[in-house]
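In what follows, a single structure is set out as structure tokens and then discussed.
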Amino acid sequence: MICLDNFFTGSKDNVAHLLDRTNFELIRHDVVQPILLEVDEVYHLACPASPIHYKYNPIKTLKTAFLGTMNMLGLAKRCRAKFLITSTSEVYGDPLEHPQTEAYWGNVNCIGERSCYDEGKRVSETLTMDYHREHNLDIRERRTRGTDPRPQEPRARPWLLLERAPCPLHRRPACLPLCARRDRPYL
Ligand SMILES: NC(=O)c1ccc[n+]([C@@H]2O[C@H](COP(=O)([O-])OP(=O)(O)OC[C@H]3O[C@@H](n4cnc5c(N)ncnc54)[C@H](O)[C@@H]3O)[C@@H](O)[C@H]2O)c1
């Protein structure tokens with residue numbers, strides 16, 4: 001397993017227990033920049049997720065969502081690797097339907113303070129679907145709905161990797177432990 005992280009919100013401590021393993025490699029890398037690797041599967045989780053973090057540098061958030069996703073999709077395409085992206089219920093914006101189904105397209109402000117995240121995630125989903133349609137890439141898109149906002153909570157990552165997120169496109173059941181109690185813990 002190769003883990004890329006620019007440590008914007010992450011920390012080496014999160015993976016300290018893995019660093020001694022021979023099958024684990026940590027690379028400080030910003031996904032906004034391309035990278036050449038040989039991989040079988042790409043799990044693209046890199047993106048600030050809490051409003052404090054994504055509003056800190058909204059242009060960088062958008063670059064991570066668009067360029068970062070494009071680079072990771074390019075990597076998956078070159079390696080013919082499977083690709084998973086973690087998206088969010090924020091793609092529905094300020095929804096007019098409750099609960100939201102995948103058939104609902106949302107009600108999104110494209111010029112607000114949260115738009116860097118909401119629109120960034122929307123375009124990253126669009127890119128992912130276009131790589132699927134145009135290059136037949138084997139993709140998974142997962143719209144998670146938030147986890148508890150406890151300060152030390154490692155949030156989405158471990159659950160997603162454990163569950164290997166079943167694909168809504170393939171009409172398989174979608175249930176993650178983190179589709180939990182509240183839709184928007186960071187509001
Ligand atoms: N936690 C949630 O409730 C939630 C809900 C919906 C979607 N998601 C999505 O799940 C993913 C992970 O969320 P999280 O809560 O674990 O967030 P997090 O902030 O804890 O983790 C994001 C990780 O990405 C890294 N990162 C950010 N920008 C990067 C860049 N340009 N290059 C390389 N690494 C970068 C950070 O350093 C951090 O390690 C995100 O894509 C997020 O949008 C999370």
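Here are the numbers for this structure:
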quantity: Relative contact order, percent, the stretch 1-159 [alpha-carbon distance under 8 Å, six or more residues apart]; calculated: 22
quantity: Backbone N within the stretch 37-68 under 12 Å of label point (7 Å from Val123 Cα along the Cβ vector); calculated: 59-68
quantity: Long-range amide H partners of Arg143 with built H, under 5 Å; calculated: Ser87
quantity: For Asp138, residues with placed amide H under 5 Å, excluding near neighbours; calculated: Phe83
quantity: Inter-label distance, nm, simple model (7 Å from Cα along the C-beta direction), Ser50/Phe8; calculated: 1.5
quantity: Asn136-Trp105 FRET efficiency (beta carbon distance; Förster radius 25 Å; 0.05 resolution); calculated: 0.55
quantity: Chymotrypsin sites (Phe, Trp or Tyr not before Pro) restricted to DSSP loop in the stretch 27-132 with at most 15 other C-beta within 10 Å; calculated: Tyr104, Trp105
quantity: Sites matching trypsin sites (Lys or Arg not before Pro) across the stretch 69-104 that sit in DSSP coil, with at most 15 neighbouring C-beta atoms within 10 Å; calculated: Arg80
quantity: Per-pair calculated FRET efficiency, R0 = 30 Å: Asn57 and Asp20 via Cβ, rounded to 0.05; calculated: 0.35
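All of the numbers you see were taken from the coordinates with simple rules; none came from a lab. Computed from a prediction, not measured in an experiment: that's the story for all the values here. All Cβ positions, glycine included, derive from the backbone under ideal geometry; neighbour counts span all protein chains shown.
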